[in-house]
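Every number in this text was worked out from the coordinates using simple rules, so none of it is lab data. This is a predicted model, so every value here is computed, not measured. Counting neighbours? That spans all protein chains shown, and the Cβs are built from the backbone with ideal geometry, glycine included.
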Amino acid sequence: MYGTGILKGMAVVMKHFVNSYLDDFSWAARGGRYYNDEALQVRQGVKGRGVKTVFYPEEKLDVPERFRFVPFLVTDDPPPGQKWGKDWCTSCGICAKVCPPQCIWIERGKQPNGRPKPEPNAFFIDIDICMNCGFCMEFCPFDAIKLDHDYELASYNRTTAHIHDKERLSKPLSYWREIAPKKAAAEEAARNFVEEAKAKKKARQAGDGEPDPTLADEHARQLMYRGDTY
């Protein structure tokens, strides 16, 4: 029979239409169906009925831990009264070299005698050019650059708001542990494994005077650089 597909589709629409009002009544005594975090979780789950629309920006879905956006620089946790601690970045420039759209600029610091200083004096990322590929994070040998979860970066002035400097990019290690707890824990375990392997290797060399590199050391380095152990 012609038109059965249209009738079935309209039946689905009417079902959601009616269920949305029934759901409104059921949530009326619990703070309402909208702009309610508990109701949003139910609406987006398998038990949700009726309209499933997320009313952004008042309502927002949780960002997955693997979500990738604009990079930021990791620092040690800051002492009291400061925003961040010591930089992990050594301004080696690897991230800028592997960046496909070339949106990273680094100015290496200098010591009083003119020799290079293993930390950046200036660090810039143009977020309008960044493609959030994660190459900078994957190739950084010091785990000093990570991808953020902050995606609300729209503004009306590109030159002042969309080119992030070192002050805006720097965030403490505790922030990374907060937004990516599983990945941060895996990376920390890999770093600890590397340090333990180095200590054992040093102890062996001190005992017999001969270097004895092991496969465990190489495997630990791979885990540390990859940062993807779970």
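From the list Pro78, Pro71, Pro57, which one is surrounded by 12 or more Cβ atoms within 10 Å (Cβ to Cβ) and farther than 22 Å from Cys130 by Cβ?
Among Pro78, Pro71, Pro57, only Pro78 is surrounded by 12 or more Cβ atoms within 10 Å (Cβ to Cβ) and farther than 22 Å from Cys130 by Cβ.
Within the range 168-209, take every residue that is farther than 18 Å from Arg66 by Cβ and among the hydroxyl-bearing types (Ser, Thr, Tyr) and give me the one that is surrounded by the fewest Cβ atoms within 10 Å (Cβ to Cβ).
Ser174
Would it be correct to say that Lys60 is in a loop (DSSP other than H, G, I, E, B), among the charged types (D, E, K, R) and more than 17 Å from the chain's Cα centre (by Cα)?
Answer is yes for this residue.
Are there helices (runs of 4 or more DSSP H) fully within the range 137-197 with at least 1 residues that are acidic (Asp, Glu)? List them.
166-169, 173-179
Quick check on my filter: what residues within the range 63-83 are assigned to a loop (DSSP other than H, G, I, E, B) and in contact with a strand residue (DSSP E or B) (Cβ under 9 Å, 6 or more places away or on another chain)?
Phe67, Arg68, Phe69, Val70, Asp76, Asp77, Pro78, Lys83
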